1. Using +1 at the Cβ of each Lys and Arg and -1 at the Cβ of each Asp and Glu in chain C, identify which of C:LEU277, C:LEU128, C:ILE223 lies farthest towards the dipole's positive end.
2. Mind checking the dipole of segment A:120-189: about its Cα centre, +1 per Lys or Arg Cβ, -1 per Asp or Glu Cβ, Debye to the nearest 20?
3. What is the Cα centroid distance between segment B:224-258 and segment B:264-295, reported in whole angstrom?
4. Could you tell me which of rounded, prolate or oblate describes chain A, using a ≥ b ≥ c as the square roots of the eigenvalues of the alpha-carbon gyration tensor, with rounded for a/c under 1.5 and, failing that, prolate when a/b is larger than b/c and oblate otherwise?
5. Could you let me know the centre-to-centre spacing of segment A:235-259 and segment B:6-66, using Cα atoms, in angstrom?
6. Whole angstrom only: what separates the Cα centroid of segment C:100-168 from the Cα centroid of segment A:40-69?
7. Long-range amide H contacts for B:GLN62: which residues qualify at under 5 Å (H placed 1.01 Å from N, peptide plane, sequence gap of 5 or more or a different chain)?
8. Specify whether the C-alpha gyration tensor of segment C:13-97 places it in the rounded, prolate or oblate class, a ≥ b ≥ c being the square roots of the eigenvalues: rounded for a/c under 1.5, otherwise prolate if a/b is larger than b/c and oblate if not.
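The values are calculated or read from the model by the stated rules, or taken from the named source; none is laboratory data. Values in this document were obtained by computation on a predicted structure and should not be read as measured data. We place every Cβ from the backbone using ideal geometry, glycine too, and count neighbours over all the protein chains shown. With ligands, DNA and RNA removed, areas are computed over all heavy atoms of the protein, side chains included. Shrake-Rupley method; radii C 1.70, N 1.55, O 1.52, S 1.80 Å.
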Amino acid sequence: MQTTTPIFKTNHVERETKLHAVAMEVPIVDIQNLNVSARKTQILKNINIIIPKNSITVLLGPSGCGKTTLLKCLNRLTDLYSDLHLTGSIKIDGDDILNTKIDITHIRQKMGLLLQKPYPLPMSIYENIAYGLRLKGIRKRSVISEKVEKHLKEVALWDEVKDRLKSSAQKLSIGQQQRLCLARGLAVEPEIILADEPTSALDPISSRVIEEEFLKLRNDYTIIHVTHILRQARRLADYVVFMYYGEIVEYGPADEIFETPKPDILKEYMKVGH
Amino acid sequence: MVLSRRLVDNLSSKWMLSCLIFCLLLPLAIGTGLVLKSFPLFTNHPLGSLIFSSNWSPSDGQFGFWPFILGSLWVTIIAIIICIPLCLLAAIYLTQFAPGWMLKFMRPVIDILAGIPSVVYGVWGLLVIVPFVGDKLAPYFGVDSLGYSILAGGLVLAVMSIPYILNMLLEVFRQIPVELGEASLSLGATKWETIKHVFLRKGSSGIISAYGLGFSKALGETMAVLMVVGNVVQIPQSVFDAGYTLPALIANNYGEMMSIPSYDSALMFGALLLFVIILLINVIFRYIIYKSELI
Amino acid sequence: MTLRRKLEEKIFRVLSALFTLIVVLVLVHIIWSIVEKGMSSLSWQMISQEPKGGFYFGKEGGILNAIAGSFYLAVAATVLAFVISLPVALFMNIYLIKYQRLLISIRFFLDVLWGVPSIVYGAFGFTLMMYFGLRNSLGAATLTVAAMIAPIMIRAMDEVLKTIPIGLQEAAYALGSTKTETAYKVFFREALPGFATAILLAFGRGIGDAASVLFTAGYTDYIPRSFGEPTATLPLAIFFQLGSPIEEVQNRAYAAAIVLTFIVLCISVAARLLYRLRKN
């Protein structure tokens, strides 16, 4: 087994205490010794984090540091890439999803996914939300209609689209599409929302709407948000995971980390700022 | 020096432009040439009877193309019906389920299949498909058949169309963004549900075009079909009957067409018919592809 | 997940794998059945000699006339098509680069042209031949095949040229090159490896096609010495020999099919190797 030497050493004791501080909350995701490699290159090295329930955890770091891969490990979208090799364990609600007999589609339904660009399914606005509901086995039209309305309202899209629910989702503006994607994810009633730079393709106003939405959703959901934008991290984060070259460099409650950044690379990152 | 460089530039630009114009005029020339050649036929045969009459006896001056049109359609439709599930599922397997090396392995295989000359497909059809239809399939259905039949033509044509259609379908699936699949999977869909509800819908115009273009390609295919279809002028009653296709008619009779009056005009009219139909199909489906690429 | 969903997933996984397997098996079967049938008749004599007296009754001789004829025809048609295609492809990507709409229309048009079946080209070539009072000959066949493969070649070259960044063009102009110099000195050199693939593709199409030369090439037992003479081609040799009632002659057709398949296979593999070389 190849051992990896961390490039940036954090004080071990300090980190342990932080882990404990975070663990005081109710954990929903518990990642232990996660390693991901593709052929010969290691993409993620020894990832150990606990993500507490009903909070926003921001995965922060420069592009290409493995944030997105980590996010995709959480609902095993990594299965789509046959050359990715995962070891370690990811426990979600206590089930280790990497070594489980539980059906992967159930695990994925616990998590809503929001990608960098909105990818509305090639169907109507209504069907976009009904799709996930039907997959859950809901057949009754009245129930589906009710939920479509509820979740469109939840993302403040209902008033804009209620007259054209049957028209193609691809005709919406990018900002509306992204909100629709959020509603689509919420409709399957997940516990966790995985967001991979969800505002990077949006105009400032739509971004603001999404961010405000997240702050509201925090009460009912756990949000794991990937970004490389420092200011956004500051606005949203309860907890911050700072990653660099596939490793976790710093990790803990947001105010603590932003007040007194410890590792040099994080200081550097904050100085250059965005 | 400067002058000569300019002169070269000038001359060569004109040469390039004229080559382009030449290429663009080519189909026009083909169309005009065929129309002019088949013109004598129109003077005493109305277009409607040429197409819809099934009376074909060149020596009496009777030219009804209906048996050939029908034969061509039968053969082509059989081929496409076979290709629809075969190519679609193979493309789905290769792009969605199979490990990456499989697609890498299959690309040259498909290329090779596409490159095999149609005469060779015809030879294979004679060796394998004709006996198979005549000795196995026809008795199974309780029909008498020599094997040289519409079905044999359709089967050979299907095999020939596989690489052509499969290649286009692979391209359609390749262009669907991975993230769309991720979005569907994360809503709890299985892979197949994602393909069925999302990918097939997303790629629908590309898929339809692939089959449309495959259809037009199959319609114009000559040698392989000619070798197995039986070449009997008749309206086929079943797939085990022998038939005759439009391209086969043209190819088979070029030798004697100068000896019977109007025969050459009739054959050129056949070519014109083929040209116009295929051009139309191509324009329609290429346009669908072009439109879907814009979105 | 309900059993039905699980079952559906399984069924389609298996089914799609099965259908892929069928495609592979068909290819293997085509090659295997032709090799099996023709191998016994394949001999050195067959590919090194012209037909002798009584060849068509199963006596001495070979199909060198057809092999050579096919090569002459394919080479001549490829060269001719190249001479026309190269300026067109370059013109499209250098002169017309600023008229994107026009460019799209031209590409659309060429793609449509690609779909025209070879028998139509054959018929057209025949019409033209009659009009000019030519007889069946290597020359007439060359013209027909060249017209058929030109759209393929242009589009293949165009795809290569399309990938050249516009910056290269700008750099060439900045150094004071004329458009022609940019085209032939910069673009041509840059795209040459890609062109090789395009040429091989067109060559393969030219050597294997029968329907287009059926009317125009004629058939002869001799290797043509000039463009004015008729020529035999390999696909037609297969086709005609298959029509014979004599078994030896038929077997030779199978052997000739092996030769043709082998040539086309080589071209296909070479094109792929070149493509890979270019990518690296």
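1. Looking along the dipole axis, the top candidate is C:LEU277.
2. Numbers: 14 positive and 8 negative charges, 60 e Å.
For this selection, approximately 280 debye.
3. Spelled out, the Cα-based centre of one part sits 22 Å from the other.
4. It is prolate, given that a/c is not under 1.5 and a/b is the larger ratio.
5. 73
6. 55
7. Correct list: B:SER57.
8. Since a/c reaches 1.5 but b/c is at least a/b, the shape of segment C:13-97 is classed as oblate.
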